[in-house]
Amino acid sequence: MKVHNILFLPGAGGSAEFWGPVARRLPSDWNKVSFGWPGLGDQPHDPAINSIDDLVKLVETRIDGPVDLVAQSMGGVVAVRVALGRPEIVRRLVLVATSGGVDMARFGAADWRSDYRKLFPTAADWILRERAAAPLPVENISAPTLLIWGDADPISPVAVGRELERRIPDAKLCILPGIDHDLALTKSDAIAGLVAQHIIAERVG
């Protein structure tokens, strides 16, 4: 029997509970770990976490065997970097409304930073300085990748998802109509179904 080890990575809101509604809808015998990001959103600060580089290291230290990564927004950048750096252990990827290493300004993405600071006044300053959309060689991702986007998302326009689908070798884009950035919260049933189908699918070839 195949064991499914899944790491859930939130966006800049930082809460480990962000993916809770989706995780609870997946099979109970799957091993599910939900990350929180120290210092982001309302999460307690950790002086050791000062960059996306540090978040990548944080995730990598928790991986001791093949995993599936399910990631939202800024967490998708972390997931892509782990998949590129450790391709032997990332079995499948699910990227939701992320930049994923694409320059989103090219696609008319809204600047989220001022609203973020108002919503999370105690969040670490470094997240507002980081360039989460810094280019990444996504063409080198070997893991089968599911891309999930809402077509009413001003922060990560659906055109970004189409660009990632074009560039990632084994990628499929699923677009949910009328949905904005927080798909995992507003459409948890639909997202859980898509994630489950992708994770249990067998690699072809």
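At 7 Å along Cα-to-Cβ for each site, give me the label-to-label distance between residue 196 and residue 166 in nm.
3.4
Would you please classify the overall shape of the chain from the alpha carbon gyration tensor, given that a ≥ b ≥ c denote the square roots of the eigenvalues, rounded means a/c under 1.5, and beyond that prolate means a/b larger than b/c while oblate covers the rest?
Rounded shape, in that the Cα axes give a/c under 1.5.
Starting from 0.36 nm per residue, how many nanometres of slack lie between residue 16 and residue 119 once their C-alpha separation is accounted for?
35.4 nm
So for the chain, taking the charge dipole from beta-carbon charges (+1 Lys/Arg, -1 Asp/Glu), which of 39, 110, 95 sits furthest toward the positive end?
So the residue we want is 95.
Quick check: at a probe of 1.4 Å, how many percent of the accessible area of the range 52-174 sits on carbon and sulfur atoms?
Exposed carbon and sulfur together represent 51 percent of the surface.
Which of 178, 124, 164 sits farthest toward the positive end of the charge dipole of the range 120-188, with +1 on the Cβ of Lys and Arg and -1 on the Cβ of Asp and Glu?
164
Would you rank 118, 172 by solvent-accessible area, highest first, keeping every protein chain in place and using a 1.4 Å probe?
118, 172
Student exercise: in the chain, how many lysine pairs 8 or more apart or on different chains have Cα atoms under 25 Å apart?
Final tally of qualifying lysine pairs is 6.
Please calculate how many Å² of accessible area the chain carries per residue, with a 1.4 Å probe and no DNA, RNA or ligand atoms counted.
46
Using a simple spin-label model with points 7 Å from Cα along the Cα→Cβ vector, what separation in nm is obtained for residue 111 and residue 31?
4.4
Kindly identify the range 33-98 as rounded, prolate or oblate by the Cα gyration tensor criterion: order the square roots of the eigenvalues as a ≥ b ≥ c, call it rounded if a/c is under 1.5, otherwise compare a/b with b/c, prolate if a/b is larger, else oblate.
prolate
Would you kindly state how much longer the chain becomes between residue 62 and residue 134 on full extension, computed as 0.36 nm times their sequence separation minus their alpha carbon distance, in nm to one decimal?
That works out to 23.5 nm of additional length.
At 0.36 nm per residue, and after removing the present C-alpha to C-alpha distance, how many nm does the segment from residue 189 to residue 86 gain when stretched out fully?
Answer, rounded to one decimal: 34.1 nm.
The values are calculated or read from the model by the stated rules, or taken from the named source; none is laboratory data. These numbers come from a predicted model, not from an experiment. In this analysis, Cβ positions are derived from the backbone assuming ideal geometry, glycine residues included, and neighbour counts consider all displayed protein chains. What goes into the accessible areas is simple: the full protein's heavy atoms, side chains included, and nothing from ligands, DNA or RNA. Shrake-Rupley method; radii C 1.70, N 1.55, O 1.52, S 1.80 Å.
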